[in-house]
1. Post the alpha-carbon centroid distance, segment 35-72 to segment 479-554, in whole angstrom.
2. Out of the trypsin sites (Lys or Arg not before Pro) in segment 620-713, which ones are loop residues according to DSSP with at most 16 other C-beta atoms within 10 Å?
3. Non-local amide H neighbours of Gln609 (under 5 Å, H modeled in plane, Pro and chain starts lacking H): which ones?
4. Quick check on the exposure proxy: order His39, His685 from fewest to most C-beta atoms within 10 angstrom.
5. Place a +1 charge on the Cβ of each Lys and Arg in the chain and a -1 charge on the Cβ of each Asp and Glu, then give the dipole magnitude about the Cα centre in debye, rounded to the nearest 20.
6. Between Ser460 and Ala169, how many nm apart are label points set 7 Å from Cα along the C-beta direction?
7. If one computes the Cα centroid of segment 274-347 and of segment 414-472, what distance in Å separates the two points?
8. Tabulate in residue order the Karplus-calculated ³J(HN,Hα) for segment 66-72, using 6.51 cos²θ - 1.76 cosθ + 1.60 with θ = phi - 60°, rounded to whole Hz; enter x for Gly and Pro.
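We did not get these values from a lab; they are worked out from the coordinates using the rules stated. What you see is a predicted model; the values in this text were computed from it and never measured. Heads up, the Cβs are rebuilt from the backbone with ideal geometry, glycines too, and the neighbour counts pull from every protein chain shown.
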Amino acid sequence: MSANPVSPVGQSFSRVDGRLKVTGAAKYAAEFNLLGLAHAYAVESPISKGKITAVDVSAAERAPGVLAILTHLNTPKLKEATSDMAGGGGIRVEERNPLSDNVVSYGGQHVALAVAETFEQARHAARLIRLTYAAEPPALTGEDAPGTRKQPKENNGDPIQVKKGDVAAALRAAGGTRVDVTYGTPTETHNPIEPAATVAHWTADDRLVLFDATQYVKGTQAIVAETFNVPKENVRIINPFVGGGFGAKGPTWPHTLLAAAAARVVRRPVKLPLTRSSMFTTCGHRTPTVQHVALAAGAEDGRLRAIRHDTECLTSPLGFFVESCGATTSNVLYDSPAIEFGHVVHTVNKGQSSFMRAPGEAPGTFAVESAMDELAVALRMDPVQLRLVNYAERHPVQDRPWSTKFLRDAYRVGAEKFGWARRNPEPRSMREGNLLVGMGMATATYPGYKLAANARLRLSADGSVVGQSATHDLGTGAYTAFTQITAEAVGVPMEMARFELGNSDLPYSAVAGGSSSTATVGHAIHNAAKALHAKLGALAVLDPASPLRGLNPQTIGLVAPGRIGVKGDAAKSDGFKELMARAGKDSLEADGAFMPATKNEHDAGPTFQSFGAQFVEVRIDPDLPRVQVSRVVSVMDCGRIINPKTARSQIMGGVIMGLGMALTEETVYDRATGLPVTRNLADYHVPVNADVISVEPFFVGEPDHEFNPMGARGVGEIGITGVAAAVANAVFHATGKRVRDLPITPDKLLV
Ligand code: MOS
């Protein structure tokens, strides 16, 4: 696709923002210290359900340095902004404005805010606020909440209660081999190294600047503008660097609105950083799931006859979220004449569940890919072979072609690199010294999503180019990838390109979610580059000194780095710099837009879906059964890889998060209070360096040019999918014990 002989796309580059990060020059939301900055500290509800019946702020208001104490009694009434992700607006999952009334719906809900000269003074004053509660028994599980059961038809426009063929009959039929089991995944909480934070500054009565840790500057802009009833263009969201998101920073959460409300009250800039512990209550988490999976297959050939996959999950009273485990996995993974999946949501008094890396796919693949392993054991068939005999050549429910699919290559390359052939299928058969060794595998999958974006390019007379879009770099390498795409699309060397993002003043970009940013913004950059070349062409055809004078501009495009011209006619070309110099232009700007397909266009085309294979080796001491993951080989087909170095890091990060999901991560709630008790990084265990011995990512496949001009699908989320199942399958192989509820802690392996 490139006229660049040495295309920057497809090469490994270190992060263009790496130096800023390692020197501390990269500024994150909470590091913007404005003149006159005041500090806020939120009070969180100690009860999970009930009402605030009395408020006493007298001691708090007298505390040193206090500027204001906000409760539901004195917080300005704000409009309830609407969530409109599909329409290019913002995302709210928790939909109640903070401090809007005296109702408490979950433990940890913000119930008051202290604003003071310093952080310590605000925290001290917050502890002096006396609130009296009338507490009611909270519902904490689905069983606690009869009557709240919902079966939503759709999730973000996708049907999530689906039946193809007669699953019940296939499961009842005589003969064949069946698996019919229930899996559980716990509440998991995102722990980006940068907690959420907002610095709010009203620069005029109707003008607001927010430094906000967000994956969606345009979304936050839309929500804040509507909430405070000011024009969108009067709200600026600035967020050049994000210290990890994993979905936690996609929606606009209460603290952002609370910071803006407080800044309006005290008429000074206000900083409200969430503490690590409040990240566990007011910033989303992954709902626990209960997943019932039933599979039936031919006893001889292992061909699936039926797949049933039912999911139960939890939402809060203040919003709605469904974890689409079946719709994202059983819907796409295997060929079967009968496939059925459904989703049930219960409402409980816990913080609002929300998007967390591969929402649906991460817990969904744990269940289905564990069940496939159980089926392989029952059939006495190799787990890779079972997946190959059930390979879906087309979308198994929609019967549509894939744009590209190289999952067979992923299985083959993964098995080779991992040494799968050495595996003795008998459980407890492999040892190293005293340790039990287990090998397990699972399929990974994630859709190729595209959202909407605009991009602007400015080419300067010196041949350098700056690209812009209001997109984000969550630590993923997006700055680098967009610089590479800009350089390739415009036709300049990498060192002559730069990319700006993380600011709502820039052209629109959708949320940095759904692993869609590279595909979406990259497509807009390509469209802007075409427009830029057309502008250069328009200058050239009118320029008497140009070899392109008098030509039809339609025939002109990029022919070599820094040159436009007529393809195949070396004499007919002209340089960017020469053209601009002769035209007396210091710079030339062009815009490009990308809009995703409409539902009809989408349904008429192929399905864009990435696949991969996870291979895991574990070692377990039979006396003290701690699971050590000694090796992971992760092979992904994500189309063309823009930057192998940063893409490998993305897959590695996803796999590591999957190891946490498999072995240690669980947000535990106190039955008495409904509050999480594992709410710091000592009690909530994410993998540390010592837990990660060897993770080797590889890529297979071909560019997916039907998807976008770069041929690239996303790499952000797929890495976590399948990992927990591959670990559980390896644990079964090592020990003969099947653990169906995550995390796989040592107690579950003691007989
Ligand atoms: Mo990701 S959970 O779509 O931010």
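1. Each part reduced to its Cα centre gives a spacing of 49 Å.
2. Arg626, Arg671
3. Close amide H contacts, sequence-distant or interchain: Ser403, Thr404, Gly448.
4. Least crowded to most crowded, the residues run His685, His39.
5. It comes to approximately 560 debye.
6. Roughly 7.0 nm, to one decimal.
7. Using only Cα atoms, the two centres lie 22 Å from each other.
8. So the Karplus estimates, Gly and Pro as x, are 6, 9, 6, 10, 9, 9, 5 Hz.
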